[in-house]
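J.: Let me begin by handing over the structure; questions about it come next.
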Amino acid sequence: MIAIIDYGMGNLRSVQKGFEKVGFDAVVTADPKVVLEAEKVVLPGVGAFRDCMRNLEQGGFVEPLLKVIADGRPFLGICLGLQLLFTESEEFGLHRGLGVIPGRVVRFPEGMAENSEKLAVPHMGWNQISFRNRAPIFAGIDEGANVYFVHSYYVKPEDESVVATTTNYGIDFCSAVWKDNIVATQFHPEKSQQIGLKILKNFGEM
Amino acid sequence: MLTRRIIPCLDVTGGRVVKGVQFLELRDAGDPVEIAELYDQQGADELTFLDITASSDGRDTMVDVVRKTAERVFMPLTVGGGIRTVEDIRRMLNAGADKVSINTAAVQNPDFVREAAERFGSQCTVVAIDARRVPGEARWEVYTHGGRKPTGIDAVEWAQKMEAFGSGEILLTSMDCDGTKDGYDISLTRAIVDAVSIPVIASGGVGNLEHIYDGFTKAGASACLAASIFHFREYTIGEAKEYLKAKGVAVRL
């Protein structure tokens, strides 16, 4: 069973419906005990890093999450669920994350431009992923596939070997990480139509 | 490279998609969930539902439409029309919406936008601006209540203020162009795009594919919204994207 952690941040229904669509049962849960018992865990999340981290702490999810990850159970982080894995984030001051992956979450630089047109932040819309390290979750996904992003901050891992995909938006940034049983994407598979559903299916089969 | 987005807009009342001509003569354009699925297959980049009833009964119907749509299509959904409280936002997000667009309520209480952005994130807080050119001048005034009520607020200043209050995107509709099929208001859209650093969606006036091209290139919009040219099958979204690609615009095919 796949547990989707509900800590009051964002649209979880689409993640659940996405798994159902590709044939996997997924429960949305606000109960840390359910997380501890799950075969696989998904940490979604949109909003501000600080609020997400606080809600994880107040909901009693930090210990169960670290245990699930340490046990080697498949873990999928989406958007903020990727960023929260890192040591710290610069969003609204410096805030500590779960510290599972050493590195920092930083904002897109000011004044980025492309073809003399400035690049808006948030980075919002469909952009391509380029593979650095093809994680099993990306089986059957083409190089350059378009996926849906919406974010103003991106992750900078200290160890480049965890970078699974990169995406270009003014700069090349890490758009997914893969480390053992951990996969996490800056983009939203649950909003990325057929490509996104294929990624969710691959996770279900891990 | 980030691709430019094409967003079909579905005006919904009583659980049906309708399309008015100059705000009159509402024509039935079909079932919202079926139309959403059709646009999904055609490769729409997002969908926007606009609740044009804005009564409390209509709101329940809209929540239901969003819920059913989110079960079947897996792309970003925005809901606008009558979003006035944090509870309105929560209901739409819980039903499966990713963003809400706030229009009249933002003008009445700008702090509502700040509250929405702090609570749910800038990424889901779209501010919709309905603007009309001040006759004889190179500036535009914000209107509310579906474009009926002038506010005296300058549209460019308002867009900047909404960005500062945490809005993550601007949905900009030209009241002068809406329904004309003569194209987007390029100078209005360009003025707003240049004044803010968040994405701007051009809306109002599209009648052919060249208008969409101009919206991206001349006006610099991140996304173009259109309704009737897609609803009445004048063009498919795929045709629009093929056209744009041939002219060198980065689109997702």
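The values are calculated or read from the model by the stated rules, or taken from the named source; none is laboratory data. If you're wondering where the values come from, they're calculated on a predicted model, not measured in any experiment. Cβ placement follows ideal geometry from the backbone for every residue including glycine, while neighbour counts extend to all protein chains displayed. Ligands, DNA and RNA are excluded from the accessible area calculation, which covers all protein heavy atoms including side chains. Shrake-Rupley method; radii C 1.70, N 1.55, O 1.52, S 1.80 Å.
J.: Listed here are the pairs B:Lys19/B:Lys181; A:Lys17/A:Lys40; B:Lys19/B:Lys247; A:Lys40/A:Lys198; which of them are more than 21 Å apart at the Cα? Please report the intermediate quantities before stating the final value.
T.: On the way: B:Lys19/B:Lys181 13 Å; A:Lys17/A:Lys40 16 Å; B:Lys19/B:Lys247 29 Å; A:Lys40/A:Lys198 17 Å.
Violating the 21 Å Cα-Cα cut-off are B:Lys19/B:Lys247.
J.: Hey, another quick one. Mind checking the full-extension length gain between B:Thr85 and B:Asp64? Use 0.36 nm per residue of separation minus the Cα-Cα distance, one decimal, nm. Walk me through the numbers before you get to the answer.
T.: Numbers: separation 21, 0.36 × 21 = 7.56 nm, distance 1.84 nm.
Contour length minus Cα-Cα distance gives 5.7 nm.
J.: Could you pull the Rg and Dmax for region B:165-253, using just the Cα atoms, both in Å?
T.: Here Rg and the maximum Cα pair distance are 12.6, 39 Å.
J.: Take the Cα gyration tensor of region B:1-143, multiply each eigenvalue by 5, square-root it, and list the three semi-axes largest first, rounded to whole angstrom. Don't jump to the answer; show the numbers that get you there.
T.: Details: eigenvalues 108, 77, 58 Å².
Largest first, region B:1-143 gives 23, 20, 17 Å.
J.: For chain B, set up a Gaussian network in which alpha carbons nearer than 10 Å are linked by springs, and say which option among B:Asp31, B:Asp45, B:Asp130 fluctuates the most.
T.: Fluctuation is largest for B:Asp31.
J.: Excluding residues on the same chain fewer than 8 positions from A:Lys118, give the lysines whose Cα lies under 18 Å from its Cα.
T.: Within the straight-line cut-off, A:Lys118 pairs with B:Lys218.
J.: Still on this structure, I have one more. Name the residues of region B:57-76 whose accessible area falls by at least 20 Å² when all protein chains are present instead of the chain alone, probe 1.4 Å?
T.: B:Ala70, B:Glu71, B:Phe74, B:Met75, B:Pro76
J.: Take the Cα radius of gyration of the protein assembly as shown and divide it by 2.2 N^0.38 Å, with N its residue count; two decimals is plenty.
T.: Relative to the rule-of-thumb radius for its length, the protein assembly as shown sits at 0.93.
J.: May I pose another question? Taking a probe of 1.4 Å, how large is the accessible area per residue of region B:50-181, in Å²? Please list the in-between numbers first.
T.: Working: 5150 Å² over 132 residues.
Per-residue value: 39 Å².
J.: Would you mind listing how long region A:64-206 runs along its three principal axes, going by Cα atoms, in whole Å with the largest first?
T.: Dimensions of region A:64-206 along the principal axes of its Cα atoms: 48, 36, 24 Å.
J.: To the nearest hundred square angstrom, how large is the accessible surface buried between A and B, total for both chains, probe 1.4 angstrom?
T.: Values: alone 9220 and 11010 Å², together 17370 Å².
The buried area between A and B, both sides summed, comes to about 2900 Å².
J.: Kindly work out what percent of the DSSP beta bridges joining two residues of the protein assembly as shown are antiparallel, to the nearest 5. Working shown, then result.
T.: Values: 42 of 89 bridges.
In the protein assembly as shown, DSSP labels about 45 percent of beta bridges as antiparallel.
J.: Which net charge results for the neighbourhood of B:Glu169, defined as the other residues with beta-carbon distances under 10 angstrom from its beta-carbon, given Lys and Arg at +1 and Asp and Glu at -1?
T.: Working: positive: B:Lys99; negative: B:Glu163.
So the environment of B:Glu169 carries a net charge of 0.
J.: Checking the a/c ratio against 1.5 first, then a/b against b/c, what shape does the Cα gyration tensor give for region A:103-181? Walk me through the numbers on the way to the answer.
T.: Details: a/c = 2.36, a/b = 1.46, b/c = 1.62.
Taking the square roots of the gyration eigenvalues as a ≥ b ≥ c, region A:103-181 is oblate.
J.: Would you mind listing how long region A:1-156 runs along its three principal axes, going by Cα atoms, in whole Å with the largest first?
T.: Here the spans come out as 52, 38, 27 Å, largest first.
J.: Moving on. Can you quote the Å³ per residue value for the convex hull of the Cα atoms in chain B, rounded to an integer?
T.: Details: hull volume 28.9 nm³, N = 253.
Dividing the Cα hull volume of chain B by its residue count gives 114 Å³.
J.: Among A:Val42, A:Val105, A:Val150, which one shows the highest mean-square fluctuation when chain A is modelled as a Gaussian network with alpha-carbon springs under 10 Å?
T.: Judging by the Gaussian network model, the answer is A:Val150.
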